[in-house]
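Each remark here refers to the structure printed beneath this line.
The values are calculated or read from the model by the stated rules, or taken from the named source; none is laboratory data. These numbers come from a predicted model, not from an experiment. Note: ideal-geometry Cβ built from the backbone for every residue, glycine included; neighbour counts use all protein chains shown.
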Amino acid sequence: MDNKEIARERIKKLFSEADEVFSKDKKLANRYINLARKIAMKFNLRMPRGYKRKFCKHCYSYLKPGKNLRVRTKGKNVVYYCLECKKFMKFPLSKKGK
């Protein structure tokens, strides 16, 4: 196993840990996300699409719909509104054929 594979596994583990601990301790969940981002940057890895949408691109806090995230559709986009930093992110709405 090379270092990049180990880093990918570690990122996956940190995101699952953040998901588990979010309801008890938001600060710890945010710390896990911060560590996962740093690992990805250190090993020059792309964060998978599913993981990219689980944290705010402005304040880097872990996002959970209904708790600290508002999800809306606007035109051909899905708009994520972070309730921590009051900023939003737009993602294109995927087509069913793809």
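What the table shows:
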{"item": "Residues (more than 15 Å from residue 29 (Cβ to Cβ), in a loop (DSSP other than H, G, I, E, B) and either charged (D, E, K, R) or touching a strand residue (DSSP E or B) at 6+ places or on another chain (Cβ under 7 Å) (or both)) located in segment 48-98", "result": "53, 57, 58, 76, 86, 87, 93, 95, 96, 98"}
{"item": "Residue, farthest from residue 87 (Cα to Cα), within segment 24-57, restricted to residues that are among the small types (Gly, Ala, Ser) and at pLDDT 95 or above", "result": "40"}
{"item": "Any hit, segment 43-51, residues being in contact with a Phe, Trp or Tyr (Cβ under 7 Å, 6 or more places away or on another chain) and on the phi < 0 side of the Ramachandran plot", "result": "yes"}
{"item": "Close pairs from segment 1-20: first closer than 15 Å to residue 62 by Cβ, partner surrounded by 12 or more Cβ atoms within 10 Å (Cβ to Cβ) and among the β-branched types (Val, Ile, Thr), Cβ under 8 Å, at least 6 apart", "result": "11/39; 14/33; 14/39; 15/33; 18/33"}
{"item": "Given (1) surrounded by fewer than 17 Cβ atoms within 10 Å (Cβ to Cβ); (2) within 30 Å of residue 3 (Cα to Cα); (3) hydroxyl-bearing (Ser, Thr, Tyr), number of the condition residue 51 does not satisfy", "result": "(1)"}
